[in-house]
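Derivation of every value follows stated rules applied to the coordinates shown; laboratory data play no part. These numbers come from a predicted model, not from an experiment. So basically every Cβ, Gly included, is an ideal-geometry build from the backbone, and we count neighbours across all protein chains shown.
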Amino acid sequence: MGHRKKSAPRHGSLAFRPRGRAGDIVPRVKNWADVNSPKPILLGFVGFKAGTTHAIVAGDNPRSPTFGKSLFKVTTVISVPPMTVCGIRLYGKDVRGEYALCDVYSNKLSKLYERAFPRGYLKGKFDVGALDALIEKTKRIVLIVGVEPSEANLPQKKPIILEIDVGGGKSMKERLDFAKSVLGSKVKLKDVFKPGDFVDTIGITRGKGFQGPVKRFGIKRKQHKSRKSVRAVGCIGPWHPAAVTYAVARAGQMGFSQRTEYGKRILVCDSTKEGEMFNPKGGFEHYGVVTGDFVVLEGTVQGPPKRPVVLRFSMRRREERVEAPKLLHLNVSPIPIKGAAQ
């Protein structure tokens, strides 16, 4: 930092450049964790962020001084409607990278999914038996799943389509048999995760629009008698080379970027009872009523309410064995829904 009386660390991390807008509101998952499961299993799930609340949890880490004591935890509630398995895709691999071998789609999909696929794409006849001939070339099996936002009390009609890997099992043939068994059916969160599991949340952060360098990177304002500008950097670079480097704090898009947060523990994995809803009085702010399946995660989750969030098994493994947490209190109240059967 030239011509400064005091040294200071640089402002703004260089790990997230370029800081541009995400291409889609649905995040792209590039990696999936390896799971030691005797049976094949889906490696992720899709939900919609409802809001935050708090819980009182008993400390269960025997190496911590808070073991057995009541701990206050900030929690996030995510609505997780069932996912529909629309198709199966096999991936091969060569020196140039991965490539798709074959796609097979279900004939049981509703007309609602015609909004998400090209016109007439789902009307073709797909042979599931063709997948068996390609099993030796297959390096990865994914399920093409669809999530209907209407099942989470959201107004969007077009389903969200996403690829989720299949893991576990003893062989690739066993994973393929599992994929064929769930083709065209619905998968619930309880079939994938359970309380005590650690997951990663992948989503698009809250967008803040075009912002200056003070808000965007946290630089310090110049003195009030500065020439031309106060909320800008004093020097954007030397005379030569006559270029502005990427590390200089400049104004631009802030937020609405894909981010991954690691190691969120599942506290509750349940479903609301008939005639009841799971939320505080008046519902969650900017979301409303949570009905159906839901999951409560320890900590906060990126993005505003109603934004889709992908949950996957944590890439950073933990030494602790998976145990369901002891929940002492959760700041929600079941309130009867008007018109529901009592």
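Please work out if Ile56 is under 19 Å from the mean Cα position of the chain (by Cα), under 25 Å from Leu297 (Cβ atoms), surrounded by fewer than 18 Cβ atoms within 10 Å (Cβ to Cβ) and aliphatic (A, V, I, L, M).
Values: under 19 Å from the mean Cα position of the chain (by Cα): no; under 25 Å from Leu297 (Cβ atoms): yes; surrounded by fewer than 18 Cβ atoms within 10 Å (Cβ to Cβ): yes; aliphatic (A, V, I, L, M): yes.
When the stated conditions are applied, Ile56 does not pass them.
Scan the strands (runs of 3 or more DSSP E) fully inside segment 53-114 and keep the ones with 1 or more residues being closer than 30 Å to Gly146 by Cα, of a type in the set (A, V, I, L, M, F, W, C) and touching a helix residue (DSSP H, G or I) at 6+ places or on another chain (Cβ under 8 Å).
Numbers: elements: 70-79, 83-94, 97-105.
The strands (runs of 3 or more DSSP E) meeting that bar are 83-94, 97-105.
Out of everything in segment 37-52 that is part of a loop (DSSP other than H, G, I, E, B) and of a type outside the set (Lys, Arg), what residue ends up being surrounded by the fewest Cβ atoms within 10 Å (Cβ to Cβ)?
We begin by selecting, within segment 37-52, every residue part of a loop (DSSP other than H, G, I, E, B); these are 37-40, 43.
Checking the rest, the ones that are also of a type outside the set (Lys, Arg) come to 37-38, 40, 43.
Numbers: Ser37: 12, Pro38: 9, Pro40: 23, Leu43: 23.
If we take residues in segment 37-52 being part of a loop (DSSP other than H, G, I, E, B) and of a type outside the set (Lys, Arg), then Pro38 is surrounded by the fewest Cβ atoms within 10 Å (Cβ to Cβ).
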